[in-house]
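Reading through the C-alpha coordinates given below for one structure.
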Amino acid sequence: MSDWIQPGKTIGIIGGGSVARLLALSAKKMGYKVGILDPDANSSASSIADWHLRAELTNEKAFQDLSMKSDVVLYETEAFHSDYLRMMKRTLPVPQGEDLLSISQDRVLQKAFLESHSLNIAPFATIVSIEDVEEAVQSIGFPCVLKANRTDERYKEHVVLYDENDIPKTKRLVDSGASVLEAWIPFERELCVAIAKDSSSQILIYPVTEMMYRNDEFFQSVTPARVSEDIVEEVNRIAKIVAGNIDFQGVIALELFTTSTGSLYINELVGHPHQAFHFTIDQGELSQFDAHIRAICGWPIPTEWNLTSSTVMRVFDYTQLEQAYTQARIQQDWKFTFYQNDPADPNTEKGHVSIPADNINELLVLLSDIGM
(Lines give C-alpha, C1' and ligand atoms only; values in the text may rest on other atoms or scores of the structure.)
Protein backbone atom coordinates (compact mmCIF):
# COMPACT_ATOMS: atom_id res chain seq x y z
CA MET A 1 0.00 0.00 0.00
CA SER A 2 1.10 3.58 -0.60
CA ASP A 3 2.42 6.03 1.99
CA TRP A 4 0.53 9.15 3.03
CA ILE A 5 0.18 11.72 0.25
CA GLN A 6 0.28 15.09 1.97
CA PRO A 7 -1.85 18.09 0.90
CA GLY A 8 -0.17 20.17 -1.79
CA LYS A 9 0.69 17.08 -3.82
CA THR A 10 -1.02 16.32 -7.15
CA ILE A 11 -3.68 13.67 -7.69
CA GLY A 12 -3.97 12.46 -11.28
CA ILE A 13 -7.42 11.15 -12.29
CA ILE A 14 -8.01 8.81 -15.23
CA GLY A 15 -11.36 9.90 -16.63
CA GLY A 16 -13.17 13.23 -16.49
CA GLY A 17 -16.86 12.48 -15.97
CA SER A 18 -19.19 13.47 -13.15
CA VAL A 19 -17.53 11.11 -10.66
CA ALA A 20 -14.12 12.60 -11.50
CA ARG A 21 -15.55 16.11 -11.02
CA LEU A 22 -16.89 15.29 -7.56
CA LEU A 23 -13.64 13.56 -6.62
CA ALA A 24 -11.70 16.63 -7.78
CA LEU A 25 -13.87 18.88 -5.62
CA SER A 26 -13.16 16.67 -2.60
CA ALA A 27 -9.44 16.67 -3.37
CA LYS A 28 -9.38 20.46 -3.68
CA LYS A 29 -11.17 20.80 -0.37
CA MET A 30 -8.41 18.74 1.24
CA GLY A 31 -5.65 20.87 -0.26
CA TYR A 32 -4.56 18.75 -3.24
CA LYS A 33 -3.86 19.75 -6.82
CA VAL A 34 -5.72 17.77 -9.46
CA GLY A 35 -5.00 16.77 -13.05
CA ILE A 36 -7.19 14.68 -15.33
CA LEU A 37 -6.68 12.49 -18.38
CA ASP A 38 -9.75 12.51 -20.62
CA PRO A 39 -10.35 12.94 -24.37
CA ASP A 40 -13.25 15.39 -23.97
CA ALA A 41 -12.24 19.06 -23.77
CA ASN A 42 -15.59 19.82 -22.09
CA SER A 43 -15.60 16.93 -19.62
CA SER A 44 -17.30 17.58 -16.28
CA ALA A 45 -14.02 17.56 -14.33
CA SER A 46 -12.04 19.80 -16.69
CA SER A 47 -13.18 23.07 -15.12
CA ILE A 48 -12.13 21.87 -11.64
CA ALA A 49 -8.75 20.38 -12.55
CA ASP A 50 -5.49 22.32 -12.43
CA TRP A 51 -4.54 20.74 -15.73
CA HIS A 52 -6.11 18.49 -18.35
CA LEU A 53 -4.32 15.97 -20.55
CA ARG A 54 -6.66 15.67 -23.50
CA ALA A 55 -6.02 12.25 -25.03
CA GLU A 56 -7.78 8.97 -25.70
CA LEU A 57 -7.48 6.33 -22.98
CA THR A 58 -5.65 4.14 -25.49
CA ASN A 59 -2.74 6.61 -25.68
CA GLU A 60 0.22 5.13 -23.79
CA LYS A 61 2.20 8.37 -23.97
CA ALA A 62 -0.63 10.20 -22.20
CA PHE A 63 -0.45 7.75 -19.30
CA GLN A 64 3.30 8.32 -19.09
CA ASP A 65 2.68 12.07 -18.98
CA LEU A 66 0.04 11.60 -16.28
CA SER A 67 2.57 9.67 -14.18
CA MET A 68 5.23 12.35 -14.58
CA LYS A 69 2.87 15.16 -13.54
CA SER A 70 1.21 13.37 -10.57
CA ASP A 71 2.16 12.15 -7.10
CA VAL A 72 -0.63 9.55 -6.95
CA VAL A 73 -3.12 8.32 -9.57
CA LEU A 74 -6.71 7.10 -9.29
CA TYR A 75 -9.24 6.00 -11.90
CA GLU A 76 -12.96 6.72 -12.23
CA THR A 77 -13.34 4.48 -15.27
CA GLU A 78 -12.18 0.99 -16.23
CA ALA A 79 -11.89 1.97 -19.91
CA PHE A 80 -8.10 1.60 -20.18
CA HIS A 81 -5.66 -1.27 -20.45
CA SER A 82 -4.27 -2.73 -17.24
CA ASP A 83 -0.77 -2.62 -18.79
CA TYR A 84 -0.88 1.17 -18.37
CA LEU A 85 -1.58 0.78 -14.67
CA ARG A 86 1.39 -1.57 -14.28
CA MET A 87 3.57 0.96 -16.09
CA MET A 88 2.46 3.81 -13.81
CA LYS A 89 3.03 1.75 -10.66
CA ARG A 90 6.76 1.67 -11.42
CA THR A 91 7.03 5.38 -10.63
CA LEU A 92 4.15 6.31 -8.32
CA PRO A 93 1.33 4.75 -6.27
CA VAL A 94 -1.98 3.73 -7.85
CA PRO A 95 -3.71 2.61 -4.64
CA GLN A 96 -6.90 1.25 -6.23
CA GLY A 97 -4.61 -1.44 -7.53
CA GLU A 98 -4.17 -3.74 -10.48
CA ASP A 99 -6.24 -6.61 -9.04
CA LEU A 100 -9.29 -4.40 -8.61
CA LEU A 101 -8.98 -3.04 -12.15
CA SER A 102 -8.63 -6.51 -13.66
CA ILE A 103 -11.59 -7.91 -11.75
CA SER A 104 -13.87 -4.93 -12.31
CA GLN A 105 -13.27 -4.59 -16.06
CA ASP A 106 -13.56 -8.28 -17.06
CA ARG A 107 -16.88 -10.08 -16.51
CA VAL A 108 -15.44 -13.59 -16.73
CA LEU A 109 -12.62 -12.83 -14.30
CA GLN A 110 -15.10 -11.09 -12.01
CA LYS A 111 -17.43 -14.08 -11.98
CA ALA A 112 -14.51 -16.42 -11.30
CA PHE A 113 -13.51 -14.26 -8.33
CA LEU A 114 -17.04 -14.22 -6.92
CA GLU A 115 -17.50 -17.96 -7.41
CA SER A 116 -14.18 -18.67 -5.69
CA HIS A 117 -15.59 -17.03 -2.56
CA SER A 118 -18.94 -18.88 -2.77
CA LEU A 119 -20.90 -15.75 -3.65
CA ASN A 120 -24.13 -16.12 -5.59
CA ILE A 121 -24.19 -15.11 -9.27
CA ALA A 122 -26.47 -15.91 -12.18
CA PRO A 123 -25.61 -19.03 -14.24
CA PHE A 124 -23.39 -17.96 -17.15
CA ALA A 125 -21.25 -19.10 -20.07
CA THR A 126 -18.32 -17.51 -21.89
CA ILE A 127 -19.16 -16.82 -25.54
CA VAL A 128 -16.81 -16.40 -28.50
CA SER A 129 -19.06 -17.61 -31.34
CA ILE A 130 -22.70 -18.02 -32.33
CA GLU A 131 -22.23 -21.76 -31.83
CA ASP A 132 -21.34 -21.05 -28.19
CA VAL A 133 -24.62 -19.20 -27.79
CA GLU A 134 -26.58 -22.08 -29.31
CA GLU A 135 -24.90 -24.53 -26.94
CA ALA A 136 -25.12 -22.35 -23.82
CA VAL A 137 -28.85 -21.69 -24.04
CA GLN A 138 -29.46 -25.42 -23.74
CA SER A 139 -28.31 -25.30 -20.12
CA ILE A 140 -28.96 -21.66 -19.18
CA GLY A 141 -32.41 -21.51 -20.75
CA PHE A 142 -34.59 -18.58 -21.81
CA PRO A 143 -34.80 -15.71 -21.18
CA CYS A 144 -31.12 -14.88 -20.96
CA VAL A 145 -28.92 -11.88 -21.74
CA LEU A 146 -25.69 -11.58 -23.72
CA LYS A 147 -23.24 -8.91 -22.52
CA ALA A 148 -19.81 -7.84 -23.71
CA ASN A 149 -17.06 -9.21 -21.50
CA ARG A 150 -15.67 -5.71 -20.95
CA THR A 151 -17.65 -3.72 -18.37
CA ASP A 152 -16.77 -0.11 -19.19
CA GLU A 153 -19.11 2.42 -20.76
CA ARG A 154 -17.92 1.70 -24.30
CA TYR A 155 -19.23 -1.85 -24.08
CA LYS A 156 -22.71 -1.39 -22.63
CA GLU A 157 -24.51 -3.11 -25.50
CA HIS A 158 -26.45 -6.23 -24.57
CA VAL A 159 -28.96 -8.54 -26.22
CA VAL A 160 -31.88 -10.21 -24.43
CA LEU A 161 -32.83 -13.60 -25.82
CA TYR A 162 -36.38 -14.88 -25.29
CA ASP A 163 -36.24 -17.90 -27.60
CA GLU A 164 -34.16 -19.50 -30.40
CA ASN A 165 -35.35 -16.88 -32.88
CA ASP A 166 -33.30 -14.25 -31.01
CA ILE A 167 -29.97 -16.07 -31.38
CA PRO A 168 -29.12 -14.47 -34.77
CA LYS A 169 -29.50 -11.02 -33.11
CA THR A 170 -26.37 -11.74 -31.08
CA LYS A 171 -24.04 -11.91 -34.11
CA ARG A 172 -22.87 -8.28 -34.05
CA LEU A 173 -22.06 -8.39 -30.34
CA VAL A 174 -20.38 -11.78 -30.61
CA ASP A 175 -18.29 -10.60 -33.57
CA SER A 176 -17.07 -7.58 -31.56
CA GLY A 177 -15.23 -9.76 -29.02
CA ALA A 178 -15.64 -12.12 -26.10
CA SER A 179 -19.06 -12.01 -24.41
CA VAL A 180 -20.88 -13.54 -21.46
CA LEU A 181 -24.31 -15.17 -21.65
CA GLU A 182 -26.17 -14.92 -18.33
CA ALA A 183 -29.46 -16.32 -17.12
CA TRP A 184 -32.08 -13.61 -16.78
CA ILE A 185 -32.84 -13.01 -13.10
CA PRO A 186 -36.48 -11.99 -12.46
CA PHE A 187 -35.44 -9.45 -9.86
CA GLU A 188 -37.74 -7.43 -7.65
CA ARG A 189 -35.22 -4.68 -6.87
CA GLU A 190 -31.72 -3.76 -7.99
CA LEU A 191 -29.47 -2.85 -5.08
CA CYS A 192 -26.09 -1.21 -4.61
CA VAL A 193 -23.68 -0.99 -1.71
CA ALA A 194 -20.54 1.16 -1.56
CA ILE A 195 -17.50 0.07 0.44
CA ALA A 196 -14.50 2.22 1.42
CA LYS A 197 -11.20 0.71 2.55
CA ASP A 198 -8.15 2.60 3.81
CA SER A 199 -4.44 1.73 3.95
CA SER A 200 -4.88 -0.13 7.26
CA SER A 201 -7.68 -2.26 5.71
CA GLN A 202 -10.32 -0.53 7.82
CA ILE A 203 -13.69 -0.84 6.06
CA LEU A 204 -16.65 1.55 5.91
CA ILE A 205 -19.90 0.25 4.40
CA TYR A 206 -22.46 2.80 3.19
CA PRO A 207 -26.21 2.08 3.50
CA VAL A 208 -27.70 -0.38 1.02
CA THR A 209 -29.31 1.66 -1.75
CA GLU A 210 -31.97 0.82 -4.30
CA MET A 211 -31.22 1.69 -7.93
CA MET A 212 -33.59 2.48 -10.78
CA TYR A 213 -32.87 2.64 -14.51
CA ARG A 214 -34.52 4.34 -17.46
CA ASN A 215 -33.65 3.26 -21.01
CA ASP A 216 -30.78 1.19 -19.57
CA GLU A 217 -29.29 4.31 -17.94
CA PHE A 218 -29.08 4.79 -14.17
CA PHE A 219 -31.15 7.78 -13.10
CA GLN A 220 -32.25 7.35 -9.49
CA SER A 221 -31.40 5.84 -6.11
CA VAL A 222 -33.56 5.41 -3.04
CA THR A 223 -31.85 5.13 0.36
CA PRO A 224 -32.34 3.10 2.44
CA ALA A 225 -33.35 0.38 0.01
CA ARG A 226 -36.92 -0.87 0.53
CA VAL A 227 -35.89 -4.38 1.53
CA SER A 228 -35.90 -6.44 4.72
CA GLU A 229 -33.24 -6.21 7.40
CA ASP A 230 -32.19 -9.79 6.59
CA ILE A 231 -31.35 -8.74 3.02
CA VAL A 232 -29.42 -5.70 4.28
CA GLU A 233 -27.40 -7.92 6.61
CA GLU A 234 -26.62 -10.35 3.80
CA VAL A 235 -25.56 -7.54 1.44
CA ASN A 236 -23.23 -6.21 4.13
CA ARG A 237 -21.79 -9.70 4.68
CA ILE A 238 -21.10 -10.01 0.95
CA ALA A 239 -19.54 -6.54 0.90
CA LYS A 240 -17.10 -7.49 3.66
CA ILE A 241 -16.08 -10.68 1.85
CA VAL A 242 -15.41 -8.85 -1.41
CA ALA A 243 -13.54 -5.97 0.22
CA GLY A 244 -11.50 -8.34 2.34
CA ASN A 245 -10.30 -10.37 -0.61
CA ILE A 246 -9.16 -7.64 -3.00
CA ASP A 247 -6.04 -5.55 -2.35
CA PHE A 248 -7.16 -1.94 -2.85
CA GLN A 249 -7.61 1.46 -1.25
CA GLY A 250 -10.57 3.66 -2.03
CA VAL A 251 -14.27 3.16 -2.68
CA ILE A 252 -15.81 0.33 -4.67
CA ALA A 253 -19.42 -0.71 -5.19
CA LEU A 254 -21.40 -3.89 -5.67
CA GLU A 255 -24.58 -4.04 -7.74
CA LEU A 256 -26.98 -6.83 -6.80
CA PHE A 257 -30.38 -8.23 -7.71
CA THR A 258 -32.90 -9.34 -5.09
CA THR A 259 -35.85 -11.55 -6.05
CA SER A 260 -39.35 -11.73 -4.61
CA THR A 261 -38.23 -14.75 -2.54
CA GLY A 262 -35.32 -12.83 -0.99
CA SER A 263 -32.53 -14.43 -3.04
CA LEU A 264 -29.52 -12.23 -3.81
CA TYR A 265 -27.38 -12.33 -6.96
CA ILE A 266 -24.31 -10.18 -7.50
CA ASN A 267 -24.60 -8.47 -10.87
CA GLU A 268 -21.43 -6.40 -11.07
CA LEU A 269 -18.45 -5.06 -9.14
CA VAL A 270 -17.57 -1.40 -9.82
CA GLY A 271 -14.00 -0.41 -9.03
CA HIS A 272 -14.64 3.24 -8.13
CA PRO A 273 -17.30 5.47 -6.50
CA HIS A 274 -20.80 4.82 -7.82
CA GLN A 275 -23.43 7.25 -9.11
CA ALA A 276 -26.03 5.78 -6.77
CA PHE A 277 -24.14 7.32 -3.83
CA HIS A 278 -23.91 10.89 -5.09
CA PHE A 279 -26.35 11.74 -2.28
CA THR A 280 -23.60 11.22 0.30
CA ILE A 281 -22.38 14.72 -0.54
CA ASP A 282 -25.41 16.02 1.36
CA GLN A 283 -25.77 13.25 3.96
CA GLY A 284 -23.57 12.06 6.81
CA GLU A 285 -20.12 13.21 7.82
CA LEU A 286 -18.10 11.67 4.97
CA SER A 287 -19.19 11.53 1.33
CA GLN A 288 -18.03 8.61 -0.79
CA PHE A 289 -15.83 11.10 -2.66
CA ASP A 290 -14.14 12.36 0.51
CA ALA A 291 -13.71 8.74 1.62
CA HIS A 292 -12.12 7.82 -1.71
CA ILE A 293 -9.62 10.69 -1.61
CA ARG A 294 -8.78 10.02 2.04
CA ALA A 295 -8.23 6.32 1.43
CA ILE A 296 -6.22 6.87 -1.76
CA CYS A 297 -3.95 9.38 -0.02
CA GLY A 298 -3.38 7.32 3.12
CA TRP A 299 -5.74 9.09 5.52
CA PRO A 300 -7.83 6.99 7.94
CA ILE A 301 -11.57 6.56 7.43
CA PRO A 302 -14.30 5.89 10.01
CA THR A 303 -15.98 2.50 10.35
CA GLU A 304 -19.57 3.78 10.59
CA TRP A 305 -21.73 6.09 8.49
CA ASN A 306 -25.16 7.16 9.72
CA LEU A 307 -28.04 7.94 7.40
CA THR A 308 -29.80 11.06 8.69
CA SER A 309 -32.97 10.68 6.58
CA SER A 310 -34.49 8.63 3.79
CA THR A 311 -33.29 10.12 0.52
CA VAL A 312 -34.13 10.02 -3.16
CA MET A 313 -31.23 10.99 -5.42
CA ARG A 314 -32.00 11.65 -9.07
CA VAL A 315 -29.63 12.40 -11.94
CA PHE A 316 -30.92 14.85 -14.55
CA ASP A 317 -29.94 15.26 -18.18
CA TYR A 318 -30.28 17.86 -20.93
CA THR A 319 -34.05 17.37 -21.30
CA GLN A 320 -34.65 18.00 -17.58
CA LEU A 321 -32.20 20.85 -17.04
CA GLU A 322 -34.70 23.73 -17.22
CA GLN A 323 -37.03 21.92 -14.83
CA ALA A 324 -34.08 21.42 -12.47
CA TYR A 325 -33.32 25.16 -12.61
CA THR A 326 -36.97 25.91 -11.77
CA GLN A 327 -37.14 23.48 -8.85
CA ALA A 328 -33.79 24.71 -7.48
CA ARG A 329 -35.41 28.12 -6.98
CA ILE A 330 -38.52 26.67 -5.35
CA GLN A 331 -37.52 23.73 -3.17
CA GLN A 332 -35.58 24.79 -0.08
CA ASP A 333 -34.82 21.25 1.14
CA TRP A 334 -33.70 19.83 -2.21
CA LYS A 335 -29.91 19.73 -2.58
CA PHE A 336 -28.95 20.42 -6.21
CA THR A 337 -25.48 19.83 -7.65
CA PHE A 338 -24.91 21.12 -11.19
CA TYR A 339 -22.00 19.93 -13.32
CA GLN A 340 -20.07 22.53 -15.27
CA ASN A 341 -20.10 21.18 -18.80
CA ASP A 342 -21.68 22.18 -22.09
CA PRO A 343 -25.40 22.61 -21.25
CA ALA A 344 -26.33 22.02 -24.89
CA ASP A 345 -24.58 18.64 -25.06
CA PRO A 346 -27.37 16.02 -24.89
CA ASN A 347 -24.97 13.17 -24.11
CA THR A 348 -23.75 14.20 -20.66
CA GLU A 349 -25.38 14.37 -17.25
CA LYS A 350 -26.09 17.91 -16.11
CA GLY A 351 -26.28 17.31 -12.38
CA HIS A 352 -28.14 15.53 -9.60
CA VAL A 353 -30.49 16.35 -6.77
CA SER A 354 -30.73 14.76 -3.31
CA ILE A 355 -34.14 15.02 -1.66
CA PRO A 356 -35.00 14.07 1.94
CA ALA A 357 -38.15 11.95 1.95
CA ASP A 358 -40.69 11.39 4.74
CA ASN A 359 -42.73 9.36 2.26
CA ILE A 360 -40.66 7.95 -0.59
CA ASN A 361 -43.60 6.80 -2.71
CA GLU A 362 -45.29 10.23 -2.56
CA LEU A 363 -42.01 11.91 -3.50
CA LEU A 364 -41.53 9.60 -6.49
CA VAL A 365 -45.02 10.50 -7.73
CA LEU A 366 -44.26 14.23 -7.30
CA LEU A 367 -41.02 13.92 -9.27
CA SER A 368 -42.87 12.15 -12.06
CA ASP A 369 -45.59 14.82 -12.11
CA ILE A 370 -43.12 17.70 -12.45
CA GLY A 371 -41.10 15.94 -15.18
CA MET A 372 -37.90 15.22 -13.31
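If I take R0 = 25 Å and measure r between the Cβ atoms of THR91 and SER201 in this structure, what FRET efficiency does the formula 1/(1 + (r/R0)^6) give, to the nearest 0.05?
Between THR91 and SER201 the formula returns 0.50.
Mind running the shape call on the stretch 182-246? Use the C-alpha gyration tensor, a ≥ b ≥ c as the square roots of the eigenvalues: rounded below 1.5 for a/c, prolate if a/b tops b/c, oblate otherwise.
prolate
Taking the full set of protein chains and a 1.4 angstrom probe, give the accessible area of MET30 in square angstrom, rounded to the nearest 10.
Surface open to solvent at MET30 totals about 30 Å².
Net charge around SER228, counting only other residues with Cβ within less than 12 Å of its Cβ (Lys, Arg = +1; Asp, Glu = -1)? Show your work: numbers first, answer last.
On the way: positive: ARG189, ARG226; negative: GLU188, GLU229, ASP230, GLU233, GLU234.
With Lys, Arg at +1 and Asp, Glu at -1, the net is -3.
Once fully extended, how much extra length lies between HIS158 and GLU131, figured as 0.36 nm per residue of separation less the alpha-carbon to alpha-carbon distance?
8.0 nm is the gain from fully extending HIS158 to GLU131.
By its C-alpha gyration tensor, with a ≥ b ≥ c as the square roots of the eigenvalues, how is the stretch 237-310 shaped: rounded for a/c under 1.5, else prolate for a/b larger than b/c, else oblate? Kindly include the intermediate steps, with their values, before the conclusion.
Working: a/c = 2.06, a/b = 1.33, b/c = 1.55.
In terms of gyration-tensor shape, oblate.
Does the stretch 155-265 classify as rounded, prolate or oblate by the C-alpha gyration tensor (a ≥ b ≥ c root eigenvalues; a/c under 1.5 gives rounded; else a/b over b/c gives prolate, otherwise oblate)?
Because a/c hits 1.5 or more and a/b exceeds b/c, the stretch 155-265 counts as prolate.
Taking Cα pairs under 8 Å and at least six residues apart, what relative contact order does the chain come out at, in percent?
On the way: 782 pairs, mean separation 57.3, N = 372.
It comes to 15 percent, rounded to a whole number.
Longer than 19 Å from Cα to Cα, which of LYS147/LYS350; LYS28/LYS69; LYS197/LYS335 are they? Say none if no pair is.
Flagged as over cut-off: LYS147/LYS350; LYS197/LYS335.
Give me the net charge for the shell around LYS28: Cβ to Cβ below 11 angstrom, other residues only, Lys and Arg +1, Asp and Glu -1.
So the environment of LYS28 carries a net charge of +2.
Given labels modelled 7 Å from the Cα in the Cβ direction, how far is it in nm from LEU307 to SER139?
About 3.9 nm separates the two model spin labels.
If each residue of separation counts as 0.36 nm, what is the full-extension length gain between ASN59 and SER260 once their alpha-carbon separation is subtracted?
67.8 nm
Excluding TRP305 itself, calculate the net charge of residues whose Cβ lies under 14 Å from the Cβ of TRP305, where each Lys or Arg counts +1 and each Asp or Glu counts -1.
-3
Given R₀ = 30 Å, FRET efficiency for ASP175-ALA112 by Cβ-Cβ distance, to 0.05?
0.80
What share of all Cα pairs of the stretch 1-156, in percent, falls into each consecutive 5 Å distance bin?
It works out to 2, 9, 16, 18, 16, 12, 9, 8, 6, 3, 1, 0, in whole percents.
Go through [x] 65, 44, 42; [y] 58, 52, 41; [z] 51, 48, 45 and flag the label whose value is the computed Cα extents along the principal axes in Å for this structure.
[y]
Kindly provide the helix-only [θ] at 222 nm of the chain, computed as the sum of -39,500 (n - 2.57) over DSSP H runs of four or more divided by all residues, to the nearest 500 deg cm²/dmol?
Counting only the DSSP helices, I get -8500 deg cm²/dmol.
Can you give the FRET efficiency for ASN120 and ASP358, using 1/(1 + (r/R0)^6), R0 = 41 Å, r = Cβ-Cβ distance, to the nearest 0.05?
The pair ASN120/ASP358 has a calculated efficiency of 0.75.
Over the chain, give the accessible area per residue in Å² for a 1.4 Å probe, as an integer.
On a per-residue basis, 44 Å².
For the pair ASP83/ASP3, report the inter-label distance in nm, with labels modelled 7 Å from Cα in the Cβ direction.
3.2
So how strong a dipole does the chain carry about its Cα centre when Lys and Arg Cβ are +1 and Asp and Glu Cβ are -1, to the nearest 20 debye?
I would put it at about 1160 debye.
Per the 1.4 Å probe, what fraction of the accessible area of the chain, in percent, lies on carbon and sulfur atoms?
Numbers: 7400 of 16230 Å².
With neighbouring chains kept in place, the figure for the chain is 46 percent.
I want to check the label-to-label distance for LYS28 and ASN165. Put each point 7 Å from Cα in the C-beta direction and report it in nm to one decimal.
Each label point lies 7 Å from its Cα, and together they span 5.5 nm.
The values are calculated or read from the model by the stated rules, or taken from the named source; none is laboratory data. The structure displayed is predicted, hence computed values, not measured ones. No Cβ is skipped: glycine too gets one built from the backbone with ideal geometry, and neighbour counts run over all protein chains shown. Just so you know, the surface numbers come from the protein's heavy atoms only, side chains and all, with ligands and any DNA or RNA stripped out. Shrake-Rupley method; radii C 1.70, N 1.55, O 1.52, S 1.80 Å.
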